Every structure is written in C-alpha cells, then in structure tokens.
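Remarks on the structure that follows.
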Amino acid sequence: MSGLLRLLLGLGLAALSGGLLVLAYPPYNLWPLAWVALLPMLLAQFWLMPARLSSLASATTMGLWGLGYFGPVFGGSGLYMEWLPLAIFLIALLGDMGVRAFHERTGYRYFVWQGVSNWVGIEMIRGFVPIAATWGFIAYTQHTQPWLIQPVSVFSIYGLSALIVLVNFVLGQGLLGLLCKEAPLSPRLVRRWLWAGGLVLLGWVGLSLWLYRPESGSLRVAAIQPATSPILALNRGEAALAQATLERMKAQTLEAARQGARLIVWPEGAFTFDPQTDDRLGLVTLAQESRAYLVVGYVVVTGERIFRNEATVIGPEGRFLGVYGKDHPVVFAGETSPTRGTYPVYSTAIGRLATLICYDLDFTDTARKMARRGAQVVAVPSQDWATIADKHYTHLVFRAVENRLSMVKADGGFDSAIIDPWGRVLRLANYPQGSEATLVADVPLGRADAPAVRLGDWVGWLGLLGLVGFTVADPLSRRRKRLSP
C-alpha cells in the first residue's frame, strides 16, 4: 500500500472517530459510542498512517469533534471562540508528535497508561481555563445513564472520563496486536490489559449499581422559565415585553405555589436592580403570598461595564436571607462579578439551601464548596442561549452526583431542569427555540456526603501528574536509545 493511500485511509478512519464522538454527545445522545469512538483513530495513528504524519490522525479526530460539538454552540457569534475547533486541531497535532515513536521505542508498555493520563490530564488543565471549563468532557456523554455514573461521587467526573478512555485504549491495543504485526506489541501485554480493563469496567458497574439507591422526594420545588429573557428583551429596547414577561413570571410563581412548591427559582439576571433596595416588582409580597422560598437572579451595573451578577433568597415571611455573587463570570463575553468569593448556605425550614449561577455549574469547585458547607439543595438561576440548550443542563447532572445534592435550574427561556442527588432528571424544559415552562417536582434533600466532596478531583490530579511524567519520559527514552549500543 502506498504512503499516500495509507494517509488517506488513515484520515478517513480518524474522521470516523470524530463523527462517532459527536454522535455520543447531546443532542444525539448515542452514549455507547463513546466507549469505542477512539478505536478508528488509534488504528489510523498507530498502524495505518505513515509514522511521520501519525499525529494527523488524532488532530483530525479532535478537530472534527470540536467542529461538531462546539461549532453549533458558537457559530455566527462573531467571537474568537468560532476558531476553537482549529485550536483543538493544532494542539492535538503538536501534542501527539512523537507519541507513536515513543511507544515503538518502549514496546507499547505505556500505551494505555499514557492514553488515559494524557486525556484526563488535559481535561484537568481545561477545568482551570475560564473559556473551557468542563465543556466537552467525554464523561458527559453518559448523562442519561444514572445507573452507570454513580462512582463519580467517589472519583469525580474525571474518574468516568478515565474509564471511558481506558476502555478505548485497551480495545485499541488489542486491535493493534491483531493487525499490526510489525509493532513491538507483546501478546502477553495485550492479554493482561484486556483482563485488567475488563475487571476495572466490571468493578465500576458493580460499584455504580450498589451506590444507585434513589429516594423519593420530600421537598417540592419549582423552576420558572419565561418564554423570553426579560433582561435580553430590555437590552433590545423592548421594555414593555420585559415588564410583561416579569408579570407573567410572578403569575407562574403563584401557580407553582398552588401546586405546593416551597422553593421557587427564577432565572439569572431576570431584572436590572437590587430587590433588597428597590422592590419595584413586589417580590417580598410575592414570597409572602406564595409561602415559599423565592430565589431570584439579577444584575446591577455599578460602573462602566462592571456588573454585579447576583442571586438572593427571600423567605416566605418576606425576609432577605443573603446574597451570592456569581463565582465564575463568563469573562470571554465581558462579564464581571465583583461580589463573588463568598459561598453562603442558608439554614431554612425546608433544609440547607445554596445557590449557583449559570457558568458556575460548568466547574467542579463551586458546587463542592457549597456541599462542604452543608448544602442540601442548590438553586441555579441561569441564562443560556439557544445553541447550548441541549448541552448545558447535562453538566448539572454530574454536579448533583459528585456532591449528592438536589439541583433546581431555572433558565431564561431554554433549558430548565430539576435533578435529584443520583443524577435523575425529574423534570426538564429543553426548548432551543425558547418557550415558557413551569417545572414542579419533589426532590429529596441531599446529604452532601459523597467522598468526592472531600477528596475533590483527585483522579484529575493523577492524570495531570501522568501527563507531566510522560512529557518528561519521551526525551529520556530518545536519549537512552541513542546511548544504547
């Protein structure tokens, strides 16, 4: 087979991997594909393609995945984020140069170890980057399978990512052992990894089934989703629409209260004033009439492009319990949050209540801080946009399981959800076109007793350590080979 033909066939296999990865994520949700999606790429990179160009395989896969996953999210936005798929392509291209040569020098002894640690390590790095967070983590492909994801309460989301990649690389190594006779792959090594990977997978599933013990709800909660965001309507100069929408949200609140809701959550930034000093909407009276705890999000402009993005809780007696400032403002969109940095948990008659705001749910740290302070249920005002409606609420499934907390997400038109501590989506309003919804469900009070609450992202740190270790090991292995007789 000519080098050109091997290159073209390899690129085709890599493109297939990219397509399989995209299909595993929302909105397609073909979750089993995630467990085998990387196999065509691995065959292309370590068998079919010319060695010097082998990193084109992983670059093609990841670039196409980035285009299919992030492309619809930022398409037409005019932001530099539209170039994210190209950045992913270039990072994979440069990062995987020399990886095939390293494994050939070392007899593929570290093939699985490096594959898992590099993937998880890169996800760990991304988790610290404001423009990336946990978006696109491979574990999110499993959000519809609560029976399978329970061990993230021990290993956090990074543990499930590690398992999915482990299965891909173990199977990939097995295929390489069958097809790539010229590669220095020990049949004994292949068999050992197949046994080890199978046992780890069985252990994970067994642990998940043992941990999956959902309880019936004792607290009725509600999420108020307007047909359109009042603050966005106001920004468009549609003041009458904004006011009408707010009045409709008050009616939705009373409707939810009539259904027995004792915690009612409004979206992020529903209005542009501080209700504690200017209660022009009559929210105190609304809380008293509804006899519920009312969580409202609002934005206050305090200077030139300085925004206080906050949420407050009003008790059924009409008393303000406190203020939470958004912990992770969307800095790449120019958002600010000068009052962030405090993590209040309110002791109330319905349990210990905390709040997050929108982008906070894309990081693992904020919900964990609330859990460490004893939160049992978390209200999450959010303001998404149409092209993330089928993706964003899925992140909250993992924050719920990681911390064993119930979550109530109220969005400004697109994707509201009520999720229990086992990651079950009890109610969902997912409308990319935008639509009104009043979600009501009974949730159990969370216990915040998951080991991950205390252990944190320890699997992610191990992956990052492995990434650094293999980065150092590559030049050392080249030097050792040059010095060997």
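The values are calculated or read from the model by the stated rules, or taken from the named source; none is laboratory data. It should be emphasised that the depicted structure is a prediction, and the values quoted were computed from it without experimental measurement. Don't worry about glycine lacking a Cβ; one is built from the backbone with ideal geometry, like all the others, and counts go over all protein chains shown. Heads up: the accessible areas ignore ligands, DNA and RNA and are worked out on the full protein's heavy atoms, side chains in. Shrake-Rupley method; radii C 1.70, N 1.55, O 1.52, S 1.80 Å.
Hey, any idea what Rg/Rh is for the stretch 1-95, computing Rh the Kirkwood way over Cα pairs?
Numbers: Rg = 13.8 Å, Rh = 13.5 Å.
When Rh is taken as the Kirkwood radius, the ratio is 1.02.
Before rounding to the nearest 500, sum -39500 (n - 2.57) across all DSSP H runs of length at least 4 in the chain and divide by the residue total; then give [θ] at 222 nm in deg cm²/dmol.
Values: 16 runs with 224 residues, N = 485.
Only helices count here, giving -15000 deg cm²/dmol.
Spin-label point model (7 Å from Cα, Cβ direction): what's the residue 144 to residue 239 distance in nm?
4.6
Kindly list the residues of the stretch 346-366 that lie in the label zone of residue 461, defined by a backbone N under 20 Å from the point 7 Å along the Cα-to-C-beta vector.
Flagged as within label range: 363-366.
Give, in nm to one decimal, the length gained when the segment between residue 201 and residue 109 is fully stretched (0.36 nm per residue of separation minus the Cα-Cα distance). Don't skip to the end; give the middle numbers.
Details: separation 92, 0.36 × 92 = 33.12 nm, distance 2.05 nm.
Contour length minus the Cα-Cα distance gives 31.1 nm.
From the list (i) 41, 26, 23; (ii) 48, 31, 23; (iii) 46, 23, 18, can you say which value of semi-axes √(5λ) of the Cα gyration tensor in Å was derived from the structure given?
It is the one labelled (iii).
Assuming 0.36 nm per residue, please report the length gained on full extension of the stretch residue 178 to residue 101 beyond their Cα-Cα distance.
Working: separation 77, 0.36 × 77 = 27.72 nm, distance 1.94 nm.
Full extension of this stretch gives 25.8 nm more.
Based on DSSP, what percent of beta bridges with both residues in the chain are antiparallel, to the nearest 5? Working shown, then result.
On the way: 33 of 49 bridges.
Looking only at bridges with both residues in the chain, the antiparallel portion is about 65 percent.
Of the heavy-atom accessible surface of the stretch 58-138 (probe 1.4 angstrom), what whole percent is carbon and sulfur?
Values: 2540 of 3400 Å².
Carbon with sulfur: 75 percent of the solvent-accessible area.
Based on the Cβ-Cβ distance from residue 4 to residue 83, what FRET efficiency comes out when R0 is 25 Å, to the nearest 0.05?
On the way: r = 29 Å, r/R0 = 1.17.
Approximately 0.30, to the nearest 0.05.
Which distance in nm do the two modelled labels at residue 278 and residue 131 give, with both placed 7 Å along the Cα-to-Cβ direction?
Rounded to a tenth, the inter-label distance reads 3.4 nm.
Can you work out the accessible area per residue across the stretch 1-61, with the rest of the protein chains kept in place, probe 1.4 Å, in square angstrom? Working shown, then result.
Working: 2390 Å² over 61 residues.
Per-residue accessible area for the stretch 1-61 comes out at 39 Å².
How large a share of the accessible area of the stretch 159-317, in percent, is made up of carbon and sulfur atoms when the probe is 1.4 Å and the other protein chains stay in place? Don't jump to the answer; show the numbers that get you there.
Values: 4280 of 7270 Å².
The nonpolar share, carbon plus sulfur, comes to 59 percent.
Gap in Å between the Cα centre of the stretch 26-68 and the Cα centre of the stretch 356-383?
About 33 Å separates the Cα centre of the stretch 356-383 from the one of the stretch 26-68.
Which number gives the lysine pairs in the chain that have C-alpha atoms under 27 Å apart and are eight or more places apart or on different chains?
Value for the chain: 9.
DSSP beta bridges in the stretch 274-415, what fraction antiparallel, as a percent rounded to 5?
Working: 18 of 27 bridges.
Around 65 percent antiparallel, to the nearest 5.
How much net charge surrounds residue 283 when only the other residues with a Cβ under 15 Å from the Cβ of residue 283 are counted, with Lys and Arg +1 and Asp and Glu -1? Write down the numbers at each step before the final one.
Values: positive: 248, 250, 280, 291, 319; negative: 247, 274, 278, 279, 289, 310, 317.
Around residue 283, the charge tally is -2.
Taking the mean number of other Cβ atoms within 10 Å as a proxy for protection, how do you rank 50-60, 190-200 from highest to lowest? Don't skip to the end; give the middle numbers.
Working: 50-60: 20.8, 190-200: 14.5.
Ranked from most to least packed, the peptides come out as 50-60, 190-200.
Seen from all sides and averaged, what is the projected area of the convex hull of the Cα atoms in the stretch 162-212, in nm²? Mind dumping the intermediate values first?
On the way: hull surface 14.3 nm².
For the stretch 162-212, averaging the hull's shadow over all directions gives 3.6 nm².
For the chain, return all DSSP H helices satisfying: extent of Cα atoms along own axis at least 20 Å; mean Kyte-Doolittle hydropathy at least 1.6. It would help to have the intermediate numbers written out before the result.
Values: long enough: 3-24 (32 Å, 2.00); 55-74 (27 Å, 0.92); 111-126 (23 Å, 0.49); 152-179 (38 Å, 1.98); 187-211 (36 Å, 0.95); 239-258 (29 Å, -0.12); 458-483 (37 Å, 0.31).
Qualifying helices: 3-24, 152-179.
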